[in-house]
Structure formats: C-alpha cells, structure tokens
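The structure appears right after this line, and notes come after that.
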Amino acid sequence: MKPLPENVAAYQRTKEFTRSSVPAALTRQHDTKAGVWGRICVLEGTLLYRILEPTVEEHVLSPGHDGIVEPQVPHEVEPTPGVRFYVEFLRASD
C-alpha cells in the first residue's frame, strides 16, 4: 500500500459505516476517479481492505492503521462485526 502524496488535501468524506450499513458497492470491485485518493479510517474494530490490481494485496485496517486508496486502482472492503469506519477523499491541492 502506497503512502499518500504530500500535496493532497481532503475535500469530502462519507458518513460513518458499520457492517450492516456499508453500501454493497464498497464490498465489490470499484475504484476512484483519476486524481482522487482515498483514506479509509477505521474508528472501531477491523476492516479487510483488498487492493485488486496490479497485484492482489490484503490489509487488515484498524484504528490508527488507515488504508490508502490510489486513484483508479480497483479495490474492495470486507467489513467485520463491530467495525465502524468512513472514507475521506483527497486530491492535489493548488
């Protein structure tokens, strides 16, 4: 998992999700638009974050261990019982 570039800034975030409220689209392959990074922030519990290309990587995210989503890279998440998380979207700042 790559680190966030230094020149990105947050511009939007989702509401908080739990295992029962996470949108189905997040649990299937999806990606962000060109130039848009994501930071998956786990507040409670754990979340499996799977990067699907160019090679498959699996990361267990937990409070203090964020997941970084690269622009246009297919990925998915698998929520576990007790998880609470949100996604913050970032892009290059001017």
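Values computed for the structure shown
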{"read-out": "Cα-centred dipole magnitude for the stretch 1-49, charges only on beta-carbon of K, R (+1) and D, E (-1), debye, nearest 20", "value": "120"}
{"read-out": "Surface accessible to a 1.4 Å probe, per residue, for the residues of the chain, Å²", "value": "58"}
{"read-out": "For the stretch 49-94: rounded, prolate or oblate by the Cα gyration tensor [a/c cutoff 1.5]", "value": "oblate"}
{"read-out": "Relative contact order %, the chain, counting alpha carbon pairs below 8 Å whose residues are six or more apart", "value": "45"}
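The values are calculated or read from the model by the stated rules, or taken from the named source; none is laboratory data. Predicted, not measured: the structure shown is a model, and the values here were computed from it. Virtual Cβ from ideal backbone geometry, glycine too; neighbours counted across all protein chains shown. The area values use the complete protein model at the heavy-atom level, side chains included, leaving out ligands, DNA and RNA. Shrake-Rupley method; radii C 1.70, N 1.55, O 1.52, S 1.80 Å.
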